[in-house]
Amino acid sequence: MRNLIALSACCLVIGTAGAADPVVPPSKSVPNIRPNLAAAAAADRANIEKEPTAAGGPKYVPPARKNPAASAAAQREEEARAEAELSEKIAQRLAEMRANQAARIASAEKARKQKAVKAAAAEVAAKAPPPRVYGTHWTYEGESGPANWSKINSDWAKCSSGSRQSPIDIRDGMKVDLEQIAFDYRPSGFNVTDNGHTVQVMVGPGNYLSVAGRTYELQQFHFHRPAEERVNGKGFEMVVHLVHKDPEGRLAVLALLLERGKPQATIQTVWNNLPLEKGDTAMPSIVLDPNDMLPQRRDYYTFMGSLTTPPCTEGVLWLVMKEPVQASPAQLALFSRLYPFNARPIQANSGRMIKESN
Ligand SMILES: [Zn+2]
């Protein structure tokens with residue numbers, strides 16, 4: 001810009017001088033004109049001085065190239081040419097600068113547009129739900145194991161994102177006067193399914209437990225080896241989960257920890273009626289009484305958690321009986337032949353409240 005101002009100022013000086021007084025010697029920017037003019041004038045003077053003044057002498061004819069009028073014309077021509085050149089240069093420079101400026105503006109505008117497009121895309125991505133997947137095959141180990149459950153099916157997102165997941169290591173419980181769980185179990189028809197993840201026993205209607213003002217009906221019970229829950233870090237050989245549901249669909253799971261000891265009658269009834277193939281269901285014509293599995297002492301731990309299998313649904317009320325239930329080594333060994341390992345790893349406690357009977 002500084003150059004342009006200098007050029008313009010220069011042009012203005014030349015232009016003004018040329019218009020007001022064409023015979024005034026040009027500025028220093030056209031230095032070759034002035035010496036030529038001075039030399040021509042000196043030569044003219046010399047010629048005039050040599051010319052005899054007496055009448056009748058030879059007539060003076062000034063040389064065409066040394067004619068002052070011709071020199072002035074040449075000078076004007078030269079000035080005009082220089083001025084035109086300068087104007088052309090200024091015009092070129094201005095055009096370049098305008099082009100550069102336009103390019104800079106276009107580039108800035110392009111960058112701004114790209115930024116806006118990216119921001120819009122990010123906003124859409126943030127609002128859009130993650131791509132849906134619908135796998136159903138899951139396992140306790142390997143590629144389809146617990147660490148990847150949430151990736152197998154979009155409906156299983158809680159398995160990773162949840163903050164009230166089960167199982168947990170039960171510790172630091174608040175000892176309070178917990179009300180007794182009221183059991184209203186009775187001998188019931190049942191069937192036994194080997195569902196590929198565990199042995200599951202569906203129980204006929206009419207078995208209830210009531211706690212904290214709600215009554216839940218027993219739906220089914222199933223087994224894990226080893227026990228999924230821990231108590232102050234201590235593990236157990238197996239656990240029975242009895243899954244209950246209230247009329248609003250809320251779940252309550254009663255956990256019975258199994259330890260090595262004397263045979264357990266209800267478990268034996270289930271083992272006696274195992275289906276022969278995975279995926280099959282055995283439908284015996286006898287009954288079982290869930291009461292027979294309950295420990296004598298009814299103290300328990302309670303906290304909020306989730307299903308321990310996909311979809312890892314939260315909002316599940318957990319009731320873990322403090323006194324373990326005994327099962328014989330043979331009974332424990334039989335299940336281990338079907339399912340040597342079907343327990344989800346311990347999940348973060350995440351500061352949830354645990355209450356326990358005094
Ligand atoms: Zn379970």
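Bear in mind that the values in this text are calculations on the coordinates, not laboratory data. Every value quoted in this text rests on a predicted model; they were computed, and no experiment measured them. Positions of Cβ are generated from backbone atoms using ideal geometry, with glycine treated the same way; all protein chains shown enter the neighbour counts.
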Practice task
Could you tell me whether the range 103-170 comes out rounded, prolate or oblate from its Cα gyration tensor? Rule is a ≥ b ≥ c as square roots of the eigenvalues, rounded for a/c under 1.5, then prolate if a/b exceeds b/c, otherwise oblate.
Solution key: prolate
Problem - Point-to-point label distance, Lys355-Asp172, nm (Cα→Cβ direction, 7 Å offset) - result: 1.9 nm
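With a ≥ b ≥ c taken as the square roots of the eigenvalues of the C-alpha gyration tensor of the range 239-298, please select rounded if a/c is under 1.5 and otherwise prolate if a/b is larger than b/c or oblate if it is not? Please report the intermediate quantities before stating the final value.
Working: a/c = 1.87, a/b = 1.12, b/c = 1.67.
Verdict is oblate for the range 239-298.
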Problem - Over 23 Å between alpha carbons, listed pairs Lys234/Lys355; Lys127/Lys245; Lys278/Lys322; Lys245/Lys278; Lys158/Lys245; Lys115/Lys158 - result: Lys127/Lys245; Lys278/Lys322; Lys245/Lys278; Lys115/Lys158
Handout entry: Ala73 paired with Ser154, simple spin-label distance in nm, labels 7 Å along Cα-to-beta-carbon
Key = 9.1 nm
Practice task
Could you tell me which of rounded, prolate or oblate describes the range 184-327, using a ≥ b ≥ c as the square roots of the eigenvalues of the alpha-carbon gyration tensor, with rounded for a/c under 1.5 and, failing that, prolate when a/b is larger than b/c and oblate otherwise?
Solution key: rounded
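List Tyr134, Tyr185, Tyr216 from most exposed to least, where exposure is judged by having the fewest other Cβ atoms within 10 Å. Before the final figure, lay out each step's value.
On the way: Tyr134 8, Tyr185 19, Tyr216 24.
Placing the least packed residue first, the sequence is Tyr134, Tyr185, Tyr216.
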Exercise for the section: Please give the length that would be gained between Asp299 and Glu109 if that part of the chain were fully extended, namely 0.36 nm times their separation in residues minus their C-alpha to C-alpha distance (nm, one decimal). Expected result: 61.2 nm
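Exposure proxy check: Ile90, Ile267 ranked by fewest other beta carbons within 10 Å?
Working: Ile90 16, Ile267 27.
Lowest to highest Cβ neighbour count: Ile90, Ile267.
For a quick check: sort Leu94, Leu294, Leu242 by the number of other beta carbons within 10 angstrom, fewest at the front.
Working: Leu94 13, Leu294 19, Leu242 24.
Least crowded to most crowded, the residues run Leu94, Leu294, Leu242.
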